[in-house]
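Novice: Following this message is one structure expressed as structure tokens.
The values are calculated or read from the model by the stated rules, or taken from the named source; none is laboratory data. Remember, predicted model here, so these are calculated numbers, not experimental data. Cβ placement follows ideal geometry from the backbone for every residue including glycine, while neighbour counts extend to all protein chains displayed.
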Amino acid sequence: MQENKAIVVGSGFGGMAAASILAKNGYAVTVLEKNDMPGGRAQVWKKDGYIFDMGPSWYLMPDVFERYFALFGKKPEDFLKLERLDPHYRVFYSGGKILDISAVLDENMKLFDELEKDGAKKLREYLDNSKYQYEIAMEKFLYKDYKYLTDFFNWKLIIDGSKFHVFSKLDSYVSRYFESPEIKKILEYNIVFLGGAPKNSPALYSLMTHVDFNLGVWYPKGGLGQLVNAFYELAQSQGVEFIFNHEVTRIKVENDRAVAAVTDPVEFQADVFVMNADHAYVDLNLLDRKHRSYSEKYWDQRKIAPSAILMFLGFNKRLPNLKHHNLYLLDDWDVHFETLFNKPGWPDEPCIYICCPSKTDSSVAPEGHENIFILVPVASDLDDTDVIREKYFKWVIDLLQRLTGEAVTKNLVVKRIFSHRDFKSNYNAYKGTALGLAHTLRQTAVFRPQHQNKKLRNLFYTGHYNHPGIGVPMVTISSQIVADVIKREM
Ligand SMILES: Cc1cc2nc3c(=O)[nH]c(=O)nc-3n(C[C@H](O)[C@H](O)[C@H](O)COP(=O)(O)OP(=O)(O)OC[C@H]3O[C@@H](n4cnc5c(N)ncnc54)[C@H](O)[C@@H]3O)c2cc1C
């Protein structure tokens, strides 16, 4: 019997995972990627002895990777040297306070007791709920395809919904437990990684505190680029063919079926097509109007997750006072969140993330140097100019000098800034988003764009626009779902 053919457009984690599972399920799979390397938003940039992860830097939800590699009889350790970071991260508050979140739960209990009366007791209770939510989510919610409203709003959700906190907001949920502004920020900051804000995201995402405090923050030696290599190697071992520097410009349709992915100059025919490129981009640029799953108006009305100003900086000296992961959080962070979502614009003063992987890994910077990755979250669809980039760069350098107590300007030996226009040109990111589609209640589960195209039965989508959403573990799950949907539908 002739093998069925599948084309995957895009070699992000979502594309590589979908390709591997389809190959395992018997398809002859080709991945078409516009760039010259795999990984999508997790590309790696090497310069003068520095190795910069250009996207993800937190290895979270290790259980998801174990489950994924197990599909192929493998373990993450077959590819990666993983280390649990301790502390998980350091928080610098703009008022001057500095806190470390430890890998040891008892240490965090002590810290919470110092920050608030009965802080440890409350944290225990909060974590019990967060663990419950995570386990239910893993078992019943995350690995499931939602096609119809009734798949989501069934009697069970309505009964369990309040316990599961689907219908309340993260910010008010956290405030039910804690008063300390420092604690609240520790329990809410990670919603930004899901492209949301504490005031507009479902409290269900408090499960991220279980991820953070209990499952731990991990690091693969060599950086997250090693996880890209692991997915790539695994895909190749399943027989997946990768073709780089091939941008798909159109999906050719005949008799209401996708028949070919068109690149310049070659067309690739197949039986099944999986789109890992941004869902909005595919709809608006690769498909005729009548074959789009969603219209231009639909996309324009979605809450698109933030973009970011990324800075890749190399310093020829060590920088004291920083840990591997560092968060700089404004005491009044609502102002920054306003500019991210409600009134999109450039923040006067942002909350930022500073990654310094050379604190744990000598392979990512020359000896005695420091590798610094800065992420300034900013709204998508802003006019990103060199003047604005330089303004934030100067602000970041001032902040680094304050946080480290060192003059750093003269020690800067590598500098690259990457923002909206690079997200667009590198990844075809809709409105220059870094993260895809935000996680609001109206964009959760059944309300996220569907995995199967509504007009073309043999065209599917996987990645950070689809359920379950943003983040490397999530897009890996998304591809497991899409492979099941393809099995069911084809
Ligand atoms: C700065 C940053 C930091 C992050 N930090 C973390 C973190 O610490 N931990 C975490 O888990 N997640 C993190 N994330 C989120 C995570 O990286 C993403 O959710 C995930 O990588 C998205 O994967 P994807 O496969 O859906 O899409 P992508 O990675 O965007 O892959 C899509 C691919 O499609 C290709 N493509 C687009 N158009 C075409 C075309 N026409 N033809 C061919 N190819 C095309 C693109 O080039 C790209 O390679 C971060 C993201 C960013 C940007």
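Novice: If I ask for residues that are touching a residue at least 60 places away in the same chain (Cβ under 8 Å), over 18 Å from D86 (Cβ atoms) and surrounded by 16 or more Cβ atoms within 10 Å (Cβ to Cβ), which ones from the range 318-350 would you list?
Specialist: Scanning the range 318-350 gives L319, Y328, L329, L330, W333, F337, L340, F341.
Novice: As an exercise: evaluate K454 against (1) in contact with a strand residue (DSSP E or B) (Cβ under 8 Å, 6 or more places away or on another chain); (2) more than 16 Å from the ligand (Cβ to nearest atom); (3) assigned to a loop (DSSP other than H, G, I, E, B) and give the number of the one condition it does not meet.
Specialist: Looking at each condition in turn, K454 falls short on (1).
Novice: Pairs please, first residue from the range 168-187 and farther than 16 Å from R124 by Cβ and in the same structural domain as Y205 (by TED's automatic domain parsing), second anywhere and of a type in the set (S, T, N, Q) and outside any helix (DSSP H, G or I), Cβ atoms under 9 Å, 6+ apart in sequence or on different chains.
Specialist: Listed pairs, sorted by first residue: K169/N200; K169/S201; L170/N200; L170/S201; D171/N200; D171/S201.
Novice: Every residue in the range 69-118 that is buried (at least 16 other Cβ atoms within 10 Å of the Cβ), assigned to a loop (DSSP other than H, G, I, E, B) and without any contact (Cβ under 8 Å) to a residue 40 or more places away in the chain, please.
Specialist: Within the range 69-118, D86, S102 meet the criteria.
Novice: Can you name the residue in the range 1-16 that is more than 14 Å from the ligand (Cβ to nearest atom) and hydrophobic (A, V, I, L, M, F, W, C) and is also nearest to the chain's Cα centre (by Cα) among such residues?
Specialist: A6
Novice: Here is a follow-up. Across the range 457-472, what is the number of residues that are over 22 Å from S168 (Cα atoms), in contact with a Leu (Cβ under 8 Å, 6 or more places away or on another chain) and in a loop (DSSP other than H, G, I, E, B)?
Specialist: Residues meeting the conditions: 3.
Novice: For the range 283-308, which residues satisfy the criterion of being more than 14 Å from the ligand (Cβ to nearest atom), in contact (Cβ under 8 Å) with a residue 24 or more places away in the chain and more than 14 Å from Q452 (Cα to Cα)?
Specialist: Once the filter is applied, which keeps residues that are more than 14 Å from the ligand (Cβ to nearest atom), in contact (Cβ under 8 Å) with a residue 24 or more places away in the chain and more than 14 Å from Q452 (Cα to Cα), the range 283-308 yields D288, K290, W299, R302, K303.
Novice: Here are the criteria: (1) closer than 21 Å to I486 by Cα; (2) more than 13 Å from the ligand (Cβ to nearest atom). Tell me which single one A280 does not satisfy.
Specialist: The single condition A280 does not satisfy is (2).
Novice: Determine which member of the set E33, E66 is under 28 Å from L375 (Cβ atoms), without any contact (Cβ under 8 Å) to a residue 60 or more places away in the chain and either buried (at least 24 other Cβ atoms within 10 Å of the Cβ) or not polar (S, T, N, Q) (or both).
Specialist: That would be E66, the only listed residue that is under 28 Å from L375 (Cβ atoms), without any contact (Cβ under 8 Å) to a residue 60 or more places away in the chain and either buried (at least 24 other Cβ atoms within 10 Å of the Cβ) or not polar (S, T, N, Q) (or both).
Novice: Would the range 98-108 turn up any residue that is within 12 Å of the ligand (Cβ to nearest atom) and touching a Lys or Arg at 6+ places or on another chain (Cβ under 9 Å)?
Specialist: no
Novice: Does the range 263-277 hold any residues that are within 12 Å of the ligand (Cβ to nearest atom) and either at pLDDT below 95 or farther than 12 Å from V248 by Cβ (or both), and which are they?
Specialist: Matches in the range 263-277: D264 only.
Novice: Just need a number here: residues in the range 295-320 that are out of contact with any Phe, Trp or Tyr (no Cβ under 9 Å at 6 or more places or on another chain) and among the small types (G, A, S).
Specialist: Qualifying residue count, the range 295-320: 2.
Novice: Considering only strands (runs of 3 or more DSSP E) fully contained in the range 255-350, which possess at least 3 residues that are in the same structural domain as R457 (by TED's automatic domain parsing)?
Specialist: 257-263, 267-269, 272-275
Novice: Looking at this structure, is E182 crowded, with 17+ Cβ neighbours inside 10 Å, more than 14 Å from the ligand (Cβ to nearest atom) and charged (D, E, K, R)?
Specialist: yes
Novice: Which one is nearest to the chain's Cα centre (by Cα), of the residues in the range 67-106 that are over 20 Å from N190 (Cα atoms) and among the charged types (D, E, K, R)?
Specialist: Result: R67.
Novice: Can I ask one more? Taking the range 17-52, which residues are among the hydroxyl-bearing types (S, T, Y) and within 13 Å of the ligand (Cβ to nearest atom)?
Specialist: If the condition is that a residue be among the hydroxyl-bearing types (S, T, Y) and within 13 Å of the ligand (Cβ to nearest atom), then S20, T30 are the ones that fit.
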